[in-house]
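First up is the structure itself, then whatever we jot down about it.
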Amino acid sequence: MEAAQFKTLAQTMGVDLTGVAPVERFAIFSPQANPLSIQPQTRSVIVLGFSIPRGALQGMETGTAGYTLGMGIPTTVAIDTTYMLCRHLEDAGWEATPVFRQSGDMRNQGVRVNPDKPEPNVILEFDFAAHAAGLGEIGRGKWLLTPQFGPRQMLTIILTDAEMEPDAPFSGRVCDDCGACAEACPAHALDAGALHHAPLCEGRAAWYPLHVESCRVCQTGTTKLMYSTGSEPFRLGAACGRACVAHLEDSGLLTRKFHTPFRPSEGGHEQ
Ligand code: SF4
Ligand code: SF4
C-alpha cells in the first residue's frame, strides 16, 4: 500500500497525524524494545497521533474540577481506529499489528518463548518512534511536541510488513527551551539547569532531568496508569504540561489556533 493512500485513509477515519518510519531506524533498541520482537517481518512502523482536546485541560487549569483530562483522552477512538486501519492493511494482503502504549517498567515480565528470546512484554518507545516517523520532537519537558498540537496528542503504532515510503525523521524545533514547564512544577521535579540526553535514530534528544517520584504523588493533574505503580504518570494535565500548552500557544509556535487564549488572565496571544 502506498504511504500517501494510507495517510488519506487514516485522515478520513479521524487520525490527526500519520508518519512512517522504516524498521531499520529502530536498530538501536534491544529485543525488549524492538518492533522486530513483536512482528519479525516488520518493514514499516506507522505512528498515528490523535489530538487531545484542549478543553479537557480547563478543569485543572481553572480549578473548577480536579480531574477532567480522562474524558478528553481519545482512548477508545484511538484503539478502534488503529484496529480498523490494521484490518484495511490486512484486507490489502499486508500483515499488521496494532501496538498501544505501555509503561517501560512492564518490560521483562512473563515467560520467554525461548531462552534466547526477550521476556514479554516487549514495550516500544513511542516518543522515539514519533520522532523517527517525522511527527515531532521530544521537548525539554520530556514529552513529545508536535508542530500542530504541542504536547496534546495520544499515539498508537501499527507494525506492518508493507514497505511504505518513509517520512524523514523530524528535524524541526517546537520546544524553545523556555523553562516554563520546570518553573510551573511546585515540586521542582524538572531541573532546567541540566540536560539528560538520549539517542534518536538521527541525533539525540535532550530533556530536563525528571524526578519521577515527585510526579507519582503530584496533585496538579497527572493521569496515573492503573496496575503500574512504577510507571511515569501522563503529565499533560499537570502543572508542567499545562504550562507548556500555554507557552507554545501564547508564543504562536503551534499551527492549531484557537479563538481564545488558553490562559485568558495572562492575556495570551490572540488568534
Ligand atoms: S507531574 Fe507534577 S511533579 Fe511531575 S513535573 Fe509535572 S508538575 Fe512537577
Ligand atoms: S514548557 Fe518550554 S521548555 Fe518545557 S517542553 Fe514546553 S516549550 Fe519546551
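The values are calculated or read from the model by the stated rules, or taken from the named source; none is laboratory data. Remember, predicted model here, so these are calculated numbers, not experimental data. We place every Cβ from the backbone using ideal geometry, glycine too, and count neighbours over all the protein chains shown.
What single numbered condition from (1) away from ligand 1 (no atom under 16 Å from the Cβ); (2) aliphatic (A, V, I, L, M); (3) touching a Leu at 6+ places or on another chain (Cβ under 8 Å) fails to hold for residue 154?
Residue 154 satisfies all of (1) away from ligand 1 (no atom under 16 Å from the Cβ); (2) aliphatic (A, V, I, L, M); (3) touching a Leu at 6+ places or on another chain (Cβ under 8 Å) except (3).
Out of all the residues in the stretch 128-151, which are crowded, with 19+ Cβ neighbours inside 10 Å and away from ligand 1 (no atom under 16 Å from the Cβ)?
Within the stretch 128-151, the first condition is being crowded, with 19+ Cβ neighbours inside 10 Å, and the residues that meet it are 128-146, 149-151.
Of everything in the stretch 128-151, those that are crowded, with 19+ Cβ neighbours inside 10 Å and away from ligand 1 (no atom under 16 Å from the Cβ) turn out to be 128, 129, 130, 131, 132, 133, 134, 135, 136, 137, 146, 149.
Could you please tell me which pairs satisfy a Cβ distance under 9 Å, a separation of 6+ or placement on different chains, a first residue in the stretch 243-262 that is free of Cβ contacts under 8 Å to residues at least 24 places away in the same chain, and a second residue that is surrounded by 13 or more Cβ atoms within 10 Å (Cβ to Cβ) and of a type in the set (A, V, I, L, M)?
261/246
When you look at residue 61, is it modelled with pLDDT of 95 or more and either more than 16 Å from the chain's Cα centre (by Cα) or not in a helix (DSSP H, G or I) (or both), yes or no?
Working: modelled with pLDDT of 95 or more: no; either more than 16 Å from the chain's Cα centre (by Cα) or not in a helix (DSSP H, G or I) (or both): yes.
Answer is no for this residue.
Can you go through 102, 148 and tell me which one is over 15 Å from residue 46 (Cβ atoms) and either of a type in the set (A, V, I, L, M) or within 16 Å of ligand 2 (Cβ to nearest atom) (or both)? Spell out the reasoning first.
Working: 102 fails: either of a type in the set (A, V, I, L, M) or within 16 Å of ligand 2 (Cβ to nearest atom) (or both).
Unique residue meeting the criteria: 148.
So which residues in the stretch 174-193 are touching a residue at least 60 places away in the same chain (Cβ under 8 Å) and aliphatic (A, V, I, L, M), if there are any at all?
Answer for the stretch 174-193, where residues must be touching a residue at least 60 places away in the same chain (Cβ under 8 Å) and aliphatic (A, V, I, L, M): 174, 180.
Which members of the stretch 197-208 meet the condition of being surrounded by 14 or more Cβ atoms within 10 Å (Cβ to Cβ) and over 18 Å from residue 231 (Cβ atoms)?
Listed by number, the residues that qualify are 200, 201, 205, 206, 208.
Enumerate the pairs (first residue in the stretch 132-149 and under 15 Å from residue 242 (Cβ atoms); second residue anywhere and among the β-branched types (Val, Ile, Thr)) with beta-carbon separation below 7 Å, excluding pairs fewer than 6 apart on the same chain, so at least 6 apart or on different chains.
Filtered contacts from the stretch 132-149: 139/174; 145/174.
Determine which member of the set 182, 194, 168 is part of a loop (DSSP other than H, G, I, E, B), modelled with pLDDT of 95 or more and either hydroxyl-bearing (Ser, Thr, Tyr) or within 16 Å of ligand 1 (Cβ to nearest atom) (or both). Break it down into steps so the answer makes sense when it comes.
Details: 182 fails: part of a loop (DSSP other than H, G, I, E, B); 168 fails: either hydroxyl-bearing (Ser, Thr, Tyr) or within 16 Å of ligand 1 (Cβ to nearest atom) (or both).
Matching residue, one of 182, 194, 168: 194.
Would you pick out the residues in the stretch 147-162 that are of a type in the set (D, E, K, R) and either farther than 24 Å from residue 24 by Cα or not in a loop (DSSP other than H, G, I, E, B) (or both)? Full working, then the answer.
So in the stretch 147-162, the residues of a type in the set (D, E, K, R) come out as 152, 161.
Of everything in the stretch 147-162, just one residue is of a type in the set (D, E, K, R) and either farther than 24 Å from residue 24 by Cα or not in a loop (DSSP other than H, G, I, E, B) (or both), namely 152.
Would you point out which residue out of 73, 52, 79 is touching a Leu at 6+ places or on another chain (Cβ under 7 Å), within 30 Å of residue 220 (Cβ to Cβ) and aliphatic (A, V, I, L, M)? Working first, answer last.
Working: 73 fails: touching a Leu at 6+ places or on another chain (Cβ under 7 Å); 79 fails: touching a Leu at 6+ places or on another chain (Cβ under 7 Å).
Only one candidate passes the filter, namely 52.
Can you find a residue in the stretch 77-98 that is in contact with a helix residue (DSSP H, G or I) (Cβ under 6 Å, 6 or more places away or on another chain), modelled with pLDDT under 95 and more than 18 Å from residue 44 (Cβ to Cβ)?
No.
Output the number of residues of the stretch 1-43 satisfying the condition of being within 30 Å of residue 117 (Cβ to Cβ), of a type outside the set (A, V, I, L, M) and outside any loop (DSSP other than H, G, I, E, B). Lay out the reasoning, then the answer.
Restricting attention to the stretch 1-43, the residues satisfying the condition of being within 30 Å of residue 117 (Cβ to Cβ) are 1, 19-43.
Checking the rest, the ones that are also of a type outside the set (A, V, I, L, M) come to 19, 22, 24-26, 29-32, 34-35, 37, 39-43.
Imposing the further condition that a residue be outside any loop (DSSP other than H, G, I, E, B) reduces the set to 19, 22, 24-26, 31-32, 35, 37.
Qualifying residue count for the region: 9.
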